[in-house]
Amino acid sequence: MVFLLCLMVSHRLMFASTLMRTVSCMYLLFTLEKSTEKENKITITNDKGRLRQDEIERMVAEAEKYKAEDDANKNRIEAKTGLENYCYSLKSSISSDEVKDKIPQDKKAELESKSKIEETISWLDSNQSAAKKEYEEKQKILEGVAIPIL
């Protein structure tokens, strides 16, 4: 889009101006003073609130750089949450009326006497930032005690 503007100013100075809009929504203003052939160019941009291309590229590079770390952290948190859920559902199961009577008393005492559930919950409370592998190992140990009983 091109606009031609011609202005007449006092003392017979004459200006010709051209205003062009670029594809990236920038405006270019070219002004020519007819008597002296002096030319000026002004670029008008609307950058308020927008990111520059180099900022966008930097942010994308940072996101790619930390993607593996974010995925590892997500997996660690999922393992921790899985272990917590297993502990509390196991605790709830052995206390429920339906299961309580079906578990032989000596097996229930074995699970409770070893206090593996409480021990695991305490370990979780004191090891909030443990590795995924540690959470998985703790869950396997607890399953090794609980599955034969249930």
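The values are calculated or read from the model by the stated rules, or taken from the named source; none is laboratory data. Here the structure is a predicted model, which means the values were calculated and not measured. Counting neighbours? That spans all protein chains shown, and the Cβs are built from the backbone with ideal geometry, glycine included. Ligands, DNA and RNA are excluded from the accessible area calculation, which covers all protein heavy atoms including side chains. Shrake-Rupley method; radii C 1.70, N 1.55, O 1.52, S 1.80 Å.
Say we look at the stretch 56-104 and pick out the residues that are closer than 25 Å to Ile121 by Cα and of a type in the set (Phe, Trp, Tyr); which of these is surrounded by the most Cβ atoms within 10 Å (Cβ to Cβ)?
Among those that are closer than 25 Å to Ile121 by Cα and of a type in the set (Phe, Trp, Tyr), it is Tyr86.
To keep it simple, each residue is scored yes or no on (1) open to solvent by 60 Å² or more (accessible area, probe 1.4 Å); (2) modelled with pLDDT under 75; (3) touching a strand residue (DSSP E or B) at 6+ places or on another chain (Cβ under 6 Å).
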| residue | (1), (2), (3) |
| --- | --- |
| Leu5 | yes, yes, yes |
| Ser10 | yes, yes, no |
| Thr31 | no, no, yes |
| Lys41 | yes, no, yes |
| Lys48 | yes, yes, no |
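Provide a single number: the residues in the stretch 65-95 that are at pLDDT below 85 and under 12 Å from the mean Cα position of the chain (by Cα).
Number satisfying all stated conditions: 0.
Tell me whether the stretch 120-141 contains one or more residues that are surrounded by 10 or more Cβ atoms within 10 Å (Cβ to Cβ), not small (Gly, Ala, Ser) and not in a helix (DSSP H, G or I).
yes
Scan the stretch 67-89 and report the pairs whose first residue is under 25 Å from Glu118 (Cα atoms) and whose second residue is aromatic (Phe, Trp, Tyr) and assigned to a helix (DSSP H, G or I), with Cβ atoms within less than 8 Å and a gap of 6+ or a chain change.
Pairs found: Arg76/Tyr135; Ala79/Tyr135; Lys80/Tyr135; Gly82/Tyr135; Leu83/Tyr135.
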